[in-house]
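Heads up: the structure comes next, in structure tokens.
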Amino acid sequence: MPITLTAFEASPDRGRGLARDMQVRWALEELGLPYDVRLVSFAAMKQREHLARQPFGQIPTYEADGLVLFESGAIVLHLAERHPGLLPADPNARARAIAWMFAAVSTIEPPIVEWAMARMLEPDAPWFATRQAMLEDRVRTRLAQLAARLGDTEWLEGTFSAADLLMIGVLRRLARSTMLPEQPRLLAYIARGEARPAFQRAFAAQRAVFEARASGSA
Ligand code: GTB
């Protein structure tokens, strides 16, 4: 059975590859695994059929060989554990890479998402400026810590791994913020990830969904 993902039928990011199906697409491209995509509308995501795959009514989901998974980090970990190429072979290095995968989604991502959501949902609130400054402070702290740890190394754990894939996916949410340029090491790190042919194939595939819609052919 071919691998099937779900992704937004109409992504609010307008083809910028910021929705989390991008991380799963990127992992599949790195591993050379073919996949199909089922596009879902916001309404369909809240229907029983999709809720059976994703209890929170979100994308992405993954289906293959009788296994249905949700949570982009868990999907990437599943793929990386079953196919060589996205996790180091040495057990200790592998454990460290997995720790970085968790760091991406549970330490770095939450303040970034909170910052992004506040910008989207609360720009007219009387507390917006004060709260935004506080949220930016939190993001800046994490970015500085991450940049310090990355130092002059290319990737988080030896060669490119699922840890970098998730971390870069998270950092890309800040692409239009002024916070990333304050950390040139992180800018260069993201650029290294985005230069990978697998990233570019994944990006083009999700972009094609937006373009087909924009041109009225989907
Ligand atoms: N922890 C889950 C995972 O990693 O899989 C989170 C999944 C999630 O947040 N999915 C979002 C979703 O389905 C899409 S990726 N939202 C619809 C809903 O909740 O009703 C998050 C996202 C959305 C939009 C942008 N954007 O426009 O830039 C970026 C990221």
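The figures follow:
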| quantity | calculated |
| --- | --- |
| Kirkwood-based shape ratio for the stretch 42-137, expressed as Rg/Rh from alpha carbons | 1.10 |
| The chain - mean residue ellipticity at 222 nm from DSSP helices (-39,500 (n - 2.57) per run, n ≥ 4, rounded to 500) | -16500 deg cm²/dmol |
| For residue 163, net neighbour charge (Lys/Arg +1, Asp/Glu -1) across residues whose Cβ lies under 11 Å away | 0 |
| Kirkwood Rh and Cα Rg combined as Rg/Rh, the stretch 71-218 | 1.01 |
| Inter-part distance where the stretch 25-63 and the stretch 82-135 are each reduced to a Cα centre, Å | 20 |
| Cut-off 13 Å between beta-carbons: net charge of the residues surrounding residue 152, Lys and Arg +1, Asp and Glu -1 | +2 |
| Cα pair count fraction exceeding 18 Å, expressed as % - the stretch 119-168 | 50 |
| Heavy-atom accessible area ranking, 1.4 Å probe, most first, across 50, 83, 78 | 83, 78, 50 |
| Distribution of pairwise C-alpha distances over the stretch 36-90, 5 Å bins, in % | 4, 18, 26, 21, 13, 8, 6, 2, 1 |
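The values are calculated or read from the model by the stated rules, or taken from the named source; none is laboratory data. All figures in this text were calculated on a predicted structure; none of them were measured in a lab. Ideal geometry is used to build each Cβ from the backbone, glycine not excepted, and the neighbour counts take in all protein chains shown. Note: areas computed on protein heavy atoms with side chains; ligands, DNA, RNA excluded. Shrake-Rupley method; radii C 1.70, N 1.55, O 1.52, S 1.80 Å.
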